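Where a number appears in this text, it was derived from the coordinates with a stated rule and is not lab data. As the structure is a prediction and not an experimental result, all values here were calculated from the model. Cβ placement follows ideal geometry from the backbone for every residue including glycine, while neighbour counts extend to all protein chains displayed.
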Amino acid sequence: MASCTLGRNFCCVQASTFKTPQLLKLSGVGDKKVLDAHGVPVKPDLPGVGANFRFILTVGSAPEAGKSYCTVFTALTHPFSSGTVHIASSDPLSAPNIDYNVLDNQIDIDVLTHGIEFARRLVATDSLHGIINEIVPGPTVRSKAELEDFIRKTIGLVFHPIGTATAPRRCFRGAKGASSIPC
Ligand SMILES: Cc1cc2nc3c(=O)[nH]c(=O)nc-3n(C[C@H](O)[C@H](O)[C@H](O)COP(=O)(O)OP(=O)(O)OC[C@H]3O[C@@H](n4cnc5c(N)ncnc54)[C@H](O)[C@@H]3O)c2cc1C
C-alpha cells in the first residue's frame with residue numbers, strides 16, 4: 001500500500017479504488033449506517049467514503065473472436081451513474097461489496113447512443129464510405145430502444161475505477177481533525 005505524509009497529523013492512503021474505502025471504513029471512517037451494521041465504531045460519520053464509484057464505460061463487441069476488425073471505439077469517460085464499495089464484514093481479509101450500478105442514469109445511455117450515431121456518420125463520410133462496413137451493432141439496429149438494448153447487452157468497463165475516496169479541496173485547505181479525512 002502506498003502512502004505519503006501530508007503533514008505532522010495527516011497521511012494519504014492509496015490502496016486503490018476498492019481497498020481504500022474498505023481500509024477507511026474498517027478504521028471507523030465512513031457511512032455510519034454501513035459501519036453500524038458490521039459493529040465498527042464510527043469516527044467520524046462520512047457517508048461519501050465508498051460512494052461515487054465510477055468506471056469508464058465502453059460499448060460494443062467483436063463480431064467473431066480471433067478475427068481482426070476496424071473498431072470505432074465508443075467510450076464514456078464521465079458517466080453520471082455511480083456505484084458503491086462498502087465493507088461486507090469487519091474482517092479485513094474479506095473482499096468488499098462492489099455495486100457497479102452501471103447505466104443507472106439515462107444520461108449515460110443517451111451519451112453512448114449519440115456516440116454510436118456519431119461513429120455511423122463518421123464511416124459514412126466520403127473518405128471512409130465503402131472502406132468500412134458496419135457489422136456491429138449492425139444496420140438494422142436503428143431506433144433508440146434498439147440501440148439502448150444493444151448498449152445494455154454489450155456494455156463494458158475499462159480499467160479505470162475512481163471516486164470512492166475523493167478528497168475535495170477543503171481537505172487540503174487547513175481543515176482540522178476528522179473533517180480533513182478524504183470524504
Ligand atoms: C490493465 C490496466 C491498464 C491501465 N492503463 C492505464 C493508462 O494507460 N493510463 C492511466 O492513467 N491509467 C491506467 N490504468 C489505471 C491506473 O493503473 C490506476 O488508475 C492507478 O494505478 C490507481 O492508482 P492507486 O494508487 O489508486 O491504486 P493501485 O495502483 O492499485 O495501488 C494500490 C496499492 O495498494 C496495495 N494494497 C491494496 N490493499 C492493501 C492492503 N490491504 N494492505 C496493503 N497493501 C494494499 C496494492 O497491492 C497496490 O500496490 C490502467 C489499469 C489497468 C489495470
**Asked** Full extension from T125 to D110: what is 0.36 nm times the residue separation minus their Cα-Cα distance, to one decimal in nm?
**Response** 3.1 nm
**Item:** Within-11-Å neighbourhood charge of G30 [Cβ basis; K, R +1; D, E -1]
**Value:** +1
**Asked** From the Cα gyration tensor of the chain, with a ≥ b ≥ c the square roots of its eigenvalues, which class applies: rounded if a/c is under 1.5, or else prolate if a/b is larger than b/c, or else oblate?
**Response** prolate
**Fill in**
Taking Lys and Arg as +1 and Asp and Glu as -1, residues besides V49 with C-beta under 13 Å from its C-beta add up to +3
**Request:** Count charges around G83 for me, please; just the other residues with Cβ under 11 Å from its Cβ, Lys/Arg as +1, Asp/Glu as -1.
**Result:** -1
**Asked** Counting other C-beta atoms within 10 Å, which of R54, R142, R8 has the fewest, and how do the rest follow?
**Response** R8, R142, R54
**Request:** Could you list V40, V59 in order of exposure, starting from the residue whose Cβ has the fewest other Cβ atoms within 10 Å?
**Result:** V40, V59
**Prompt:** Cross-link partners among lysines for K43, C-alpha distance below 16 Å, same-chain residues fewer than 8 apart left out?
**Reply:** K25, K32, K33, K176
**Asked** Counting pairs of alpha carbon atoms under 8 Å apart in space and at least six apart in sequence, what relative contact order in percent does the chain give?
**Response** 25
**Message:** Can you compute the helix-only [θ] at 222 nm over the chain? Use -39500 (n - 2.57) per DSSP H run of at least 4 residues, normalise by all residues, nearest 500 deg cm²/dmol.
**Reply:** -7500 deg cm²/dmol
**Request:** Take K67, K25, K33 and order them by how many other Cβ atoms sit within 10 Å, fewest up front.
**Result:** K67, K33, K25
**Message:** With +1 assigned to the C-beta of every Lys and Arg and -1 to the C-beta of every Asp and Glu, and no other charges, what is the dipole magnitude of the chain about the Cα centre in debye, to the nearest 20?
**Reply:** 880
